[in-house]
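Contents: one structure, followed by commentary.
The values are calculated or read from the model by the stated rules, or taken from the named source; none is laboratory data. What you are looking at is a predicted structure, and each value in this text was computed from that prediction instead of being measured. Reconstructed Cβ throughout: ideal geometry from the backbone, glycine too, with neighbour counts over all protein chains shown.
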Amino acid sequence: MAQTTKTQQPHDTRQPAELILVLAATGKTGRRVVDRLHAAGLNVRAASRSSEVQFDWNDRATWSSALNGVSTVYVALPLTPAPVEDFVAQATAAGVRRFVALSGRGADVWETHGREMVELEDAVRHSGVEWSILRASNFAQNFDEDVFREAIMAGELILPVGGVTEPFVDVEDVADVAVALLTGENRGGRIVEVTGPESLAWGEAVAIIARESGLELRFADVSPEQYATHLLAQGLPDADAKALDTMFAEIRRGRLTEPTNGVREILGRDARTFRDYAARAAAAGAWS
């Protein structure tokens with residue numbers, strides 16, 4: 001009788017695909033990060049209050065399902081107080097090994113809002129796992145996606161900037177840098193400041209939008225008192241008006257006007273210009 005031998009199957013040593021969690025996945029940067037990760041064929045979970053996978057800072061019952069099986073997290077640090085430290089602790093306990101956090105440029109110099117941002121950043125820095133923090137300047141897309149769009153469409157943007165310039169950053173660049181930090185090797189333990197390649201007067205930015213869109217636009221640089229009156233006349237809640245006043249008070253100090261090389265440092269190319277942004281947005285019908 002012939003003896004048969006059992007063929008031993010080779011052991012599968014492949015590691016399961018890592019799962020990247022993107023919080024605030026419907027926001028300006030979040031949805032762009034999700035799109036790029038999907039395009040790269042990576043395993044991504046999009047979570048927000050309105051996504052299929054829900055995540056709410058104020059509803060801890062949503063945290064566990066969002067974190068299940070996740071190794072890397074992209075988080076846009078919330079602008080309002082949130083239990084970030086508790087979330088980070090739960091995430092690391094669940095197996096998260098890398099955080100990339102979007103914060104705001106000026107966290108280290110702003111007197112009030114900056115302290116709050118640093119406290120949020122500290123939760124990530126002290127997590128005990130790999131981390132990167134992305135500090136971005138004012139988004140160019142604030143002019144067409146929210147914040148300033150209504151004023152642009154009305155023909156006049158009124159702000160109390162005191163003549164200070166701003167190196168507006170294209171959110172497409174923010175997303176590109178975020179994805180590089182999420183997926184690259186040896187990227188951890190750094191704070192990257194991302195801005196546009198040039199610092200523009202706010203009125204100049206509005207003028208560029210006017211040229212690209214064909215709209216007749218005016219920019220008015222007003223006093224803080226005039227701006228507060230303007231906001232309240234528009235029906236903005238007092239708390240929101242105070243938050244904007246605080247932000248522009250910091251901007252008027254002029255400590256964040258210089259562009260950085262953060263985009264080139266991570267991506268090896270120059271940052272997109274504000275003119276590039278305005279031309280693309282106008283061509284896409286952003287102000288039509």
Selection from region 261-288 of residues that are surrounded by fewer than 16 Cβ atoms within 10 Å (Cβ to Cβ) and over 20 Å from E212 (Cα atoms): N261, R264, E265, L267, G268, R269, D270
Top-ranked residue in region 191-202 [being surrounded by fewer than 17 Cβ atoms within 10 Å (Cβ to Cβ) and of a type in the set (A, V, I, L, M, F, W, C); ranked as nearest to D108 (Cα to Cα)]: I191
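Taking D276, is it part of a helix (DSSP H, G or I), over 26 Å from R125 (Cα atoms) and within 20 Å of the chain's Cα centre (by Cα)?
Working: part of a helix (DSSP H, G or I): yes; over 26 Å from R125 (Cα atoms): yes; within 20 Å of the chain's Cα centre (by Cα): yes.
Against the criterion (part of a helix (DSSP H, G or I), over 26 Å from R125 (Cα atoms) and within 20 Å of the chain's Cα centre (by Cα)), D276 qualifies.
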Qualifying residue in region 236-249 (condition: part of a loop (DSSP other than H, G, I, E, B), exposed (fewer than 14 other Cβ atoms within 10 Å of the Cβ) and modelled with pLDDT under 90): yes
Number of the exception - G188 against (1) out of contact with any helix residue (DSSP H, G or I) (no Cβ under 8 Å at 6 or more places or on another chain); (2) over 20 Å from A107 (Cα atoms); (3) not basic (K, R): (2)
Positions within region 220-267 being over 26 Å from T195 (Cα atoms) and either of a type in the set (A, V, I, L, M) or free of Cβ contacts under 8 Å to residues at least 12 places away in the same chain (or both), in sequence order: E225, A228, T229, L231, L232, A233, Q234, G235, L236, P237, D238, A239
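Which one is farthest from M153 (Cα to Cα) among residues in region 210-246 that are among the hydrophobic types (A, V, I, L, M, F, W, C) and in contact with a Gly (Cβ under 9 Å, 6 or more places away or on another chain)? Show your work before the answer.
Going through region 210-246, the residues among the hydrophobic types (A, V, I, L, M, F, W, C) turn out to be 210, 215, 217, 219-220, 222, 228, 231-233, 236, 239, 241, 243-244.
Checking the rest, the ones that are also in contact with a Gly (Cβ under 9 Å, 6 or more places away or on another chain) come to 215, 217, 219-220.
Details: L215: 8, L217: 9, F219: 12, A220: 15 Å.
Selected residue: A220.
When you look at D35, is it surrounded by fewer than 19 Cβ atoms within 10 Å (Cβ to Cβ) and farther than 20 Å from F87 by Cα, yes or no?
Working: surrounded by fewer than 19 Cβ atoms within 10 Å (Cβ to Cβ): yes; farther than 20 Å from F87 by Cα: yes.
The answer is yes for D35.
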Residue pairs meeting the criteria (Cβ under 6 Å; at least 6 apart or on separate chains; first of a type in the set (A, V, I, L, M), in region 123-151; second surrounded by fewer than 19 Cβ atoms within 10 Å (Cβ to Cβ)): A123/E85; V129/T92; V129/R97; I133/I191
